[in-house]
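Reading through the structure tokens given below for one structure.
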Amino acid sequence: MNFKNIFLVVSTIITIGMTGCGSDTNSNATTNRASALQDLTGVSLAPLPTGVTITAPTLTATLVSTIDTTYDVDVDGNIPLSGLVVKVSYHSDRNITLKGFISPAFTINANKTENNTKGVSLTLQWSNVKLSAGDGYFDAKIVPSATYHAKKLGLNASGYTAATLLYPMDHNSSVQNSSSMGQLDLKVIAGIPDRNFNVLTNGQYEHQFVYMPVTNTFTGRTWLNNNLGAEYADLNSPDFNPQQQATATNDYKAYGSLFQWGREADGHELINWKDIKTGVSKYGTTTTKSDNPDFPEFIIGDGDWRVTPDDTLWASESSPNSVCPAGYRVPLDPNGAKDSDNEFFAEFNSWSSQDNRSVLSSDLKLSMAGYRNKDNNRFVYVGLYGVYWNGSVNGNSSRSIYFGNGINLLDTSSRAYGLSVRCIKKYKSAKKKLV
């Protein structure tokens, strides 16, 4: 990455115990433990073996199901027949095989389905699973009797609880002793889910991010309101608030992930930001280059993380390694540096100036997370400059833009650097009309 100009200017999991996903849309929406037990009359749940406990008294699985004509948002929040995986934490005093389990069925209220469908029921299930002594996780599934399509919400609507499922927590668990039972709530919320929201990467749901759209009234272009991976967008964070954007250019809860150009969201990009200057990657680094990494480590030591360069990986919304939600893509620089059609420059040029105050007063409220070095894995210029990828290329490098201290410049950057990504809604370039 060429930062010469700067020197000229200045010498993830299904949530366990998650709360705050939005209140129910009506007073009868929350299904509490007592009403769930009413459906269990005459049912006897097999307790867990002595010495085995499920350590999470509450679990929350979340679907994003949204409809909005203004922003052309249509997200089908559904559970397919194959089920939705839930990570369940446990403690065992020995190695043991836990017998399979199927909870009593919970029938979804028809008004909580998209097409007012009656008779769809859910169960929580796990097959025989080998547990190792100590603490760990095993996979369970929420399995529907027929594909469940959750009732869609408007973007600003409150969420609702669609179902409650019970499970044993130890060898004393029983329906008669309801306080000994664990409770899983299936919640439905509004927003635009991350492309990998319900995709397991590295054995976890580690991309459960939810975004909102914002439109620049000057350009007419719609963007996501936060960087990919921002803390405010993280469903599993105590700071989760998908409506919240950066409160300062060095608001580290808005920094988000740092991607290598063209690489999938496979975990390499995930950063735990400790403060305005300090970030710690979730995974380590490797010098092993790969065209299709099957590992989440950040690839360092060369200008490209791939063995064979590929210019098409982020060229459009349908590109092979697209990281943006459906209908969105990485911004493009179709006609070269400082062209008026450059999507980031069009955004910047709509501001009264390029200082920090204008960054925060804009619709995007871009934050300045700096970048991650391709050679030594250092985090550079954190809190001082914003460095964002474009989807376009320039030779063996890719286009980027950096800004801060009154400047914004298009640049070319080696593809192995880690930079921020802000997604833009695809549009018909001839008319600049959103589609």
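The values are calculated or read from the model by the stated rules, or taken from the named source; none is laboratory data. These numbers were taken from a predicted model, which means no experiment stands behind them. As a convention, Cβ positions derive from the backbone with ideal geometry for all residues, glycine included, and neighbour counts pool all protein chains shown. Accessible surface is based on the protein model in full, side chains and every heavy atom, while ligands, DNA and RNA are left aside. Shrake-Rupley method; radii C 1.70, N 1.55, O 1.52, S 1.80 Å.
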### Task
Spot the failing condition for G395; the list is (1) on the phi > 0 side of the Ramachandran plot; (2) under 23 Å from the mean Cα position of the chain (by Cα), and only one is missed.
(2)
### Residue in segment 329-360 that is surrounded by the most Cβ atoms within 10 Å (Cβ to Cβ), counting only those that are modelled with pLDDT of 70 or more and part of a loop (DSSP other than H, G, I, E, B)
V330
### Query
Name the pairs: first residue in segment 156-168 and of a type in the set (V, I, T), second residue assigned to a loop (DSSP other than H, G, I, E, B) and open to solvent by 10 Å² or more (accessible area, probe 1.4 Å), Cβ to Cβ under 8 Å, at least 6 apart or on different chains?
T161/D24; T161/T30; T161/T31; T164/T31; T164/N32
## Note on the structure
Those residues of segment 181-208 which are touching an Asp or Glu at 6+ places or on another chain (Cβ under 7 Å) and hydrophobic (A, V, I, L, M, F, W, C) amount to none
### Message
Residues that are open to solvent by 10 Å² or more (accessible area, probe 1.4 Å), modelled with pLDDT under 95 and not acidic (D, E): list the strands (runs of 3 or more DSSP E) wholly contained in segment 182-290 that include at least 1 such residues.
### Response
213-216, 221-224
### Summary
Restricted to segment 49-76 and to residues being assigned to a loop (DSSP other than H, G, I, E, B) and open to solvent by less than 10 Å² (accessible area, probe 1.4 Å), the residue farthest from G182 (Cα to Cα) is S65
### Query
Which ones in segment 151-170 are of a type in the set (A, V, I, L, M) and within 25 Å of the chain's Cα centre (by Cα)?
L153, L155, A157, A162, A163, L165
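For every residue, the table says whether it meets (1) over 18 Å from R399 (Cβ atoms); (2) among the small types (G, A, S).
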site	(1), (2)
F345	no, no
F348	no, no
S352	yes, yes
K365	yes, no
D375	yes, no
### Query
Any idea which residue in segment 391-435 is nearest to V307 (Cα to Cα), counting only those that are at pLDDT 90 or above and either open to solvent by 10 Å² or more (accessible area, probe 1.4 Å) or in contact with a helix residue (DSSP H, G or I) (Cβ under 8 Å, 6 or more places away or on another chain) (or both)?
S414
### Task
Looking only at segment 281-289, decide whether some residue is closer than 21 Å to S392 by Cβ and either in contact with a Gly (Cβ under 8 Å, 6 or more places away or on another chain) or charged (D, E, K, R) (or both).
no
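Among the residues in segment 174-181, are any under 21 Å from Y160 (Cα atoms) and surrounded by fewer than 23 Cβ atoms within 10 Å (Cβ to Cβ)?
no
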#### Entry: Tabulated pairs, segment 358-374, first at positive phi, second among the β-branched types (V, I, T) and open to solvent by 10 Å² or more (accessible area, probe 1.4 Å), C-beta under 6 angstrom, 6+ apart or interchain
G370/V380
### Message
Within segment 296-315, does at least one residue satisfy the condition of being part of a loop (DSSP other than H, G, I, E, B), touching a strand residue (DSSP E or B) at 6+ places or on another chain (Cβ under 7 Å) and loosely packed, with under 15 Cβ neighbours inside 10 Å?
### Response
no
